[in-house]
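> Quick one: the structure is below, questions incoming.
The values are calculated or read from the model by the stated rules, or taken from the named source; none is laboratory data. Quick caveat: nothing in here was measured; it's all calculated off a predicted structure. Positions of Cβ are backbone-derived with ideal geometry, glycine not excepted, and every protein chain shown enters the neighbour counts.
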Amino acid sequence: MDERIVLIGAGSAVFTAGLIADLIRLGQRADVALVDPNPGALNVAIHLAQKMIAASGAPLTLRAALDRRDVLPGATAVICTVGVGGRRAWEQDVFVPRRYGIYAPVGDTVGPGGSSRALRMIPAMVDIARDVLDLAPDALFFNYGNPMAPVCRAMRKATGAPVVGLCHGVMETARYLARSLDVDVADLRY
């Protein structure tokens, strides 16, 4: 069976390119729907993905949608990389606390910046979870959006959605720990 993968928040070219690269490496047939409410960002993402797929010859088909509800039916996997408010909001999460002497390395998971981001993210992510349960109830459901733990907890509590939270930083942290401990990263279990 071909996979039907929906990427919500595809306007993030970095995450989209990473997902497409992973799918190309797998070599599995899949229909991939890229979703973003920003037409300009979605257009960039779809063109980048098309070029990657064409260059590789991978058995992937692409679709684009501004509305997730148009492509969720029949999805076997839903991946959210949503960032409500975009870069300007994220910058405020970092820079406003700094004005008061509170420094966070990223500002989207803990402290005042993380709280601010959670207040923006949770309502949108709960809406997405409701749509996934309604239109793709059997899909695997993954969230990369930060602050990951509060967002996933809110989605589960509000909707019962079986969402799995993932963090792209885990692999780099594993490599860092392996170097620090002078062990092979393959010897770590996480």
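> Starting from residues that are among the charged types (D, E, K, R) and in a helix (DSSP H, G or I), keep the ones in the stretch 1-57 and report whichever is farthest from Ala129 (Cα to Cα).
Applying the first criterion (among the charged types (D, E, K, R)) to the stretch 1-57 yields 2-4, 22, 25, 29, 31, 36, 51.
Right, trim to in a helix (DSSP H, G or I) and you get 22, 25, 51.
On the way: Asp22: 24, Arg25: 29, Lys51: 31 Å.
The qualifying residue farthest from Ala129 (Cα to Cα) is Lys51.
> Determine whether the stretch 141-154 contains at least one residue that is more than 20 Å from Leu7 (Cβ to Cβ), at pLDDT 95 or above and small (Gly, Ala, Ser).
yes
> While we're looking at this one, here's another question. Taking the stretch 121-169 as the search range and keeping residues that are free of Cβ contacts under 8 Å to residues at least 40 places away in the same chain, within 18 Å of Ser12 (Cβ to Cβ) and assigned to a helix (DSSP H, G or I), which one is nearest to the chain's Cα centre (by Cα)?
Met148
> Do the conditions hold for Asp93, that is, is it modelled with pLDDT of 95 or more, part of a helix (DSSP H, G or I) and acidic (Asp, Glu)? Before the answer, list the steps.
Values: modelled with pLDDT of 95 or more: no; part of a helix (DSSP H, G or I): yes; acidic (Asp, Glu): yes.
Judged against the criteria, Asp93 is not a match.
> Quick one: which residue in Ile102, Ile20 is farther than 19 Å from Met121 by Cα and either touching a Ser or Thr at 6+ places or on another chain (Cβ under 8 Å) or buried (at least 16 other Cβ atoms within 10 Å of the Cβ) (or both)? Reasoning before the result, please.
Values: Ile102 fails: either touching a Ser or Thr at 6+ places or on another chain (Cβ under 8 Å) or buried (at least 16 other Cβ atoms within 10 Å of the Cβ) (or both).
Exactly one of Ile102, Ile20 is farther than 19 Å from Met121 by Cα and either touching a Ser or Thr at 6+ places or on another chain (Cβ under 8 Å) or buried (at least 16 other Cβ atoms within 10 Å of the Cβ) (or both), namely Ile20.
> Continuing with the same structure: Can you tell me how many residues within the stretch 64-99 are buried (at least 16 other Cβ atoms within 10 Å of the Cβ) and under 17 Å from Leu34 (Cα atoms)?
Qualifying residue count for the region: 15.
> Could you list all residues from the stretch 139-188 that are over 20 Å from Val110 (Cα atoms), out of contact with any helix residue (DSSP H, G or I) (no Cβ under 7 Å at 6 or more places or on another chain) and hydroxyl-bearing (Ser, Thr, Tyr)?
Within the stretch 139-188, Tyr176, Ser180 meet the criteria.
> Considering Val78, Val82, which residue is under 18 Å from the mean Cα position of the chain (by Cα), in a loop (DSSP other than H, G, I, E, B) and within 20 Å of Asn146 (Cα to Cα)?
Values: Val78 fails: in a loop (DSSP other than H, G, I, E, B).
Being under 18 Å from the mean Cα position of the chain (by Cα), in a loop (DSSP other than H, G, I, E, B) and within 20 Å of Asn146 (Cα to Cα) holds for just one of Val78, Val82, which is Val82.
> Among the aliphatic types (A, V, I, L, M), touching a Cys at 6+ places or on another chain (Cβ under 8 Å) and modelled with pLDDT of 95 or more, is that true of Ile53? It would help to see each step written out before you state the result.
Values: among the aliphatic types (A, V, I, L, M): yes; touching a Cys at 6+ places or on another chain (Cβ under 8 Å): no; modelled with pLDDT of 95 or more: yes.
Here the answer is no, as Ile53 does not meet what is asked.
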